[in-house]
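Q: Just dropping this structure here.
The values are calculated or read from the model by the stated rules, or taken from the named source; none is laboratory data. Because the structure is a prediction, the values reported are computed rather than measured. Reconstructed Cβ throughout: ideal geometry from the backbone, glycine too, with neighbour counts over all protein chains shown. What goes into the accessible areas is simple: the full protein's heavy atoms, side chains included, and nothing from ligands, DNA or RNA. Shrake-Rupley method; radii C 1.70, N 1.55, O 1.52, S 1.80 Å.
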Amino acid sequence: MKIVLFHQGALGDFLVAAGALEGVFTSEPGVVVDFWSKREHFSLLTGKGYLGEFHSLDGPLIPALLDDSAWETTPLPGFLARAQQVFVVGQAGSRLLAERLSARLSAKVLLLRSFPPPDHAGSHAFDYISAQLSTLGLPCGKGFLSLEPPESDMFAAQEFLKARAVEAKPVLVHPGSGGRRKIWPLAKWRDLLYWLSRELSLPVLLSVGPADECLREFAEMMSGEGITVLHGFSRARLAAFIAQCRLYLGSDSGVGHLAAAVGTPSVVVFGPTDPEVWAPRGESVRVVRGDWSERDVFEWDPSAAPGVPDAEVAGEIRSLLEV
């Protein structure tokens, strides 16, 4: 069976959706799934037996399908014409695309909402997608997506760490997030980084993503304090770094879901968003709930002496490290 998955959302949304849909993808032999998505997300699935081809979201096709005057006549690519099932995962704005694909294709086109509306408060995004699959009579995944980074990325990450004399398994910290208000205050991250590196004597990697320009000064300061900074790596390479760490720490972001998927014990700090809906799922994921405003995020004094780490976060770290 040929399946196409359309998904244009963020990393965390993609990993949750792919995990829920994995039950469909593995339900019978010979299923091949083409991903009409972001290439960086597709690259994370290397090694999956159902993995087919990647198809870019860029180009004129999607705008044409959403154009009232062009959608009925615009040529459709072969990957869609050959599909037997098409899953369109998104929010209400994706409904029109699903309806028009359904009208143009012989394939069965199914729309799945990627996360619950406000009247489904407390329902995890994975469970919400799984419930939609169940209503359609389709199987769902086991609860979370399991990933193995490509061997080439694992080797490159090992060489990077070796070149910087990082010999013991490090801790990887990713303070950033797609929304600034979701970032745990930098003053708290700074206290935690000092505690990890100086009091616990652990090697620490600080990951700064492409959307984390607002954290550049913070990262530069921590680099000057002996923290190894990771910047500019692909998602697959970042997954490889996380997979080789003893622990992952982060704010609410898609990278937390990535850490859970590669099986690294994790502590994720949530603030304004609801962990009952968005917390990463995995066998060793701990969630801490905090309370702060966006103004608090960037109120940190580089010249101040390090303070005591947050007691709840430090407690979860000690529990996972068994120290």
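Q: Bin all alpha-carbon pair distances of the range 213-270 at 10 Å intervals from 0 and give each bin's fraction as a whole percent.
A: Values per bin, smallest distances first: 22, 49, 29, 0.
Q: Using a simple spin-label model with points 7 Å from Cα along the Cα→Cβ vector, what separation in nm is obtained for Ser102 and Glu167?
A: Using points 7 Å along Cα→Cβ, the separation is 6.2 nm.
Q: Still on this structure, I have one more. Return the sequence-ordered ³J(HN,Hα) values of the range 222-232 in whole Hz as given by the Karplus equation 6.51 cos²θ - 1.76 cosθ + 1.60 applied to θ = phi - 60°, using x for Gly and Pro.
A: Rounded to whole hertz, the list is 5, 4, x, 9, x, 7, 7, 9, 9, 8, x.
Q: Please give the charge dipole size of the range 59-181, origin at the Cα centre, charges +1 on K and R Cβ atoms and -1 on D and E Cβ atoms. Round to the nearest 20 debye. Please report the intermediate quantities before stating the final value.
A: Values: 12 positive and 11 negative charges, 30 e Å.
Dipole about the Cα centre, nearest 20: 140 debye.
Q: Cα gyration tensor of the range 230-323, axes a ≥ b ≥ c as square roots of the eigenvalues: rounded (a/c below 1.5), prolate (a/b > b/c) or oblate?
A: Details: a/c = 1.40, a/b = 1.34, b/c = 1.04.
Rounded, since a/c falls under 1.5.
Q: With the full set of protein chains in place, find how many percent of the accessible area of the chain is carbon and sulfur; take the probe as 1.4 Å. Intermediate results must be reported in sequence, preceding the final value.
A: Working: 6910 of 14340 Å².
The nonpolar share, carbon plus sulfur, comes to 48 percent.
Q: Something else now. Per residue, how big is the convex hull of the range 37-150 when only Cα atoms are used? Give it in Å³. Don't skip to the end; give the middle numbers.
A: Values: hull volume 15.5 nm³, N = 114.
Dividing the Cα hull volume of the range 37-150 by its residues yields 136 Å³.
Q: Just check the range 148-240 against the gyration tensor rule for me: Cα atoms, a ≥ b ≥ c as the square roots of the eigenvalues, rounded for a/c under 1.5, and otherwise prolate or oblate depending on whether a/b exceeds b/c.
A: Because a/c hits 1.5 or more and a/b fails to exceed b/c, the range 148-240 counts as oblate.
Q: Counting alpha carbon pairs within less than 8 Å and at least 6 residues apart, what relative contact order, in whole percent, applies to the chain?
A: 18
Q: Related question: Using the per-residue mean of other Cβ atoms lying within 10 Å as a proxy for protection, in what order, highest first, do the peptides 142-148, 9-15, 250-256, 114-120 fall?
A: Values: 142-148: 18.7, 9-15: 21.9, 250-256: 26.9, 114-120: 14.1.
Sorting 142-148, 9-15, 250-256, 114-120 by mean packing, highest first, produces 250-256, 9-15, 142-148, 114-120.
Q: Relative contact order for the range 114-204: what is it in percent, counting Cα pairs under 8 Å that are at least 6 residues apart?
A: Numbers: 44 pairs, mean separation 15.6, N = 91.
RCO, the range 114-204: 17 percent.
Q: Here is a further query. Suppose each label sits 7 Å from its Cα in the direction of the beta carbon; what would the Asp119-Met221 distance come out to in nanometres?
A: Label at Asp119, label at Met221, 4.7 nm between them.
Q: How compact is the range 80-130 by the rule of thumb for globular proteins, expressed as Cα Rg over 2.2 N^0.38 Å? Please report the intermediate quantities before stating the final value.
A: Details: Rg = 12.6 Å, N = 51, 2.2 N^0.38 = 9.8 Å.
Ratio of Rg to 2.2 N^0.38 Å for the range 80-130: 1.29.
Q: Same structure again: Can you give the three extents of the C-alpha atoms in the chain along their principal axes, from longest to shortest, in whole Å?
A: Here the spans come out as 65, 42, 34 Å, largest first.
Q: Specify which residue in the list Phe144, Pro29, Thr264 is farthest towards the positive end of the charge dipole of the chain, using unit charges on the beta carbon of Lys, Arg (+1) and Asp, Glu (-1), about the Cα centre.
A: So the residue furthest toward the plus end is Pro29.
Q: Shifting gears a bit: Can you give the alpha-carbon Rg of the range 30-92 over 2.2 N^0.38 Å, where N counts its residues?
A: 1.24
Q: Only Lys, Arg, Asp and Glu count, each charged at its Cβ (+1, +1, -1, -1), so figure out the dipole size of the chain about its Cα centre, rounded to 20 debye. All intermediate terms of the calculation are to be shown ahead of the outcome.
A: Numbers: 29 positive and 38 negative charges, 126 e Å.
Using Cβ point charges on Lys, Arg, Asp and Glu, the chain gives about 600 debye.
Q: Could you pull the Cα extents of the range 1-63 along its three principal axes, largest to smallest, in whole Å?
A: On the principal axes, the range 1-63 reaches 34, 23, 17 Å in Cα extent.
Q: Let me check something: with ligands and nucleic acids excluded, how do Cys245, Cys140, Cys214 order by accessible area (1.4 Å probe), largest to smallest? Spell out each step's value before the answer.
A: Details: Cys245 5, Cys140 60, Cys214 40 Å².
Heavy-atom accessible area, descending, gives Cys140, Cys214, Cys245.
Q: Could you check how many percent of all C-alpha pairs in the range 280-320 are farther apart than 13 Å? Display every interim value, and only then the final one.
A: Values: 571 of 820 pairs.
The share of Cα pairs beyond 13 Å in the range 280-320 comes to 70 percent.
Q: Still on this structure, I have one more. If you put +1 on each Lys and Arg Cβ and -1 on each Asp and Glu Cβ, how big is the dipole of the range 230-323 around its Cα centre, in Debye rounded to 20?
A: 540
Q: Which length gain, in nm to one decimal place, applies between Arg246 and Ser201 when the Cα-Cα distance is subtracted from 0.36 nm times their residue separation?
A: On the way: separation 45, 0.36 × 45 = 16.20 nm, distance 1.34 nm.
Roughly 14.9 nm would be gained on extension.
Q: A further question follows. Please work out the C-alpha center-to-center distance from the range 85-142 to the range 12-68 and express it in whole Å.
A: Between the Cα centres of the range 85-142 and the range 12-68 lies a distance of 14 Å.
Q: Now a separate question. Between Asp301 and Arg180, what's the calculated FRET efficiency when r is the beta-carbon distance and R0 is 22 Å? Round to 0.05. All intermediate terms of the calculation are to be shown ahead of the outcome.
A: Working: r = 19 Å, r/R0 = 0.86.
Computed FRET efficiency for Asp301 and Arg180 comes out at 0.70.
Q: Treating cross-link reach as a plain straight distance, find the lysines whose alpha-carbon is under 30 Å from the alpha-carbon of Lys38, omitting any fewer than eight places away in the same chain.
A: Answer for Lys38, where 30 Å is the Cα cut-off: Lys2, Lys48, Lys108, Lys142, Lys182, listed by chain and number.
Q: Putting +1 on Lys and Arg Cβ atoms and -1 on Asp and Glu Cβ atoms, find which of Pro306, Ser234, Gly290 reaches farthest to the positive end of the dipole of the range 210-323.
A: Value computed over the given set: Ser234.
Q: Which value, in Å², gives the accessible area per residue of the chain when a 1.4 Å probe is used on the protein heavy atoms? It would help to have the intermediate numbers written out before the result.
A: On the way: 14340 Å² over 323 residues.
With the other protein chains kept in place, the chain gives 44 Å² per residue.
Q: How tilted is helix 11-25 with respect to the longest principal axis of the chain? Cα atoms for both, answer in degrees (0 to 90, nearest 10).
A: In the chain, helix 11-25 runs at an angle near 50 degrees to the longest axis.
Q: Rank Ala243, Ala103, Ala17 by mean-square fluctuation in a GNM of the chain with C-alpha springs under 10 angstrom and give only the top-ranked residue.
A: Fluctuation is largest for Ala103.
Q: Now a separate question. Tell me, what is the FRET efficiency for Asp67 and Glu40 to the nearest 0.05, using R0 = 41 angstrom and their Cβ-Cβ distance as r? Working shown, then result.
A: On the way: r = 27 Å, r/R0 = 0.67.
Calculated transfer efficiency: 0.90.
Q: Separate question: Pop a pseudo-label 7 angstrom from the Cα along the beta-carbon direction at both Gln84 and Glu312 and give the gap in nm to one decimal.
A: In this crude spin-label approximation the distance works out to 4.9 nm.
Q: Packing-wise, with mean Cβ within 10 Å as the measure, how do 26-36, 173-183 rank, highest first?
A: On the way: 26-36: 16.3, 173-183: 22.1.
Highest to lowest by the protection proxy: 173-183, 26-36.
Q: Of the peptides 285-293, 160-168, how do they stack up when ordered by the mean number of other Cβ atoms within 10 Å, highest first?
A: 285-293, 160-168
Q: Could you work out the relative contact order of the range 263-317, using alpha carbon pairs under 8 angstrom and six or more residues apart, expressed as a whole percent? Kindly include the intermediate steps, with their values, before the conclusion.
A: On the way: 43 pairs, mean separation 21.6, N = 55.
Normalised by residue count, the contact order of the range 263-317 is 39 percent.
Q: Choose one of Ala211, Val173, Trp184: the residue whose Cα lies farthest towards the positive end of the charge dipole of the range 173-213 (beta-carbon charges +1 Lys, Arg; -1 Asp, Glu; about the Cα centre).
A: Trp184
Q: Per residue of the range 137-148, in order, report the coupling 6.51 cos²θ - 1.76 cosθ + 1.60 (Karplus, θ = phi - 60°) as ³J(HN,Hα) in whole Hz, putting x for Gly and Pro.
A: 3J(HN,Hα) across the range 137-148, in whole Hz: x, 10, x, 10, x, 7, x, 7, 7, 10, 10, 10.
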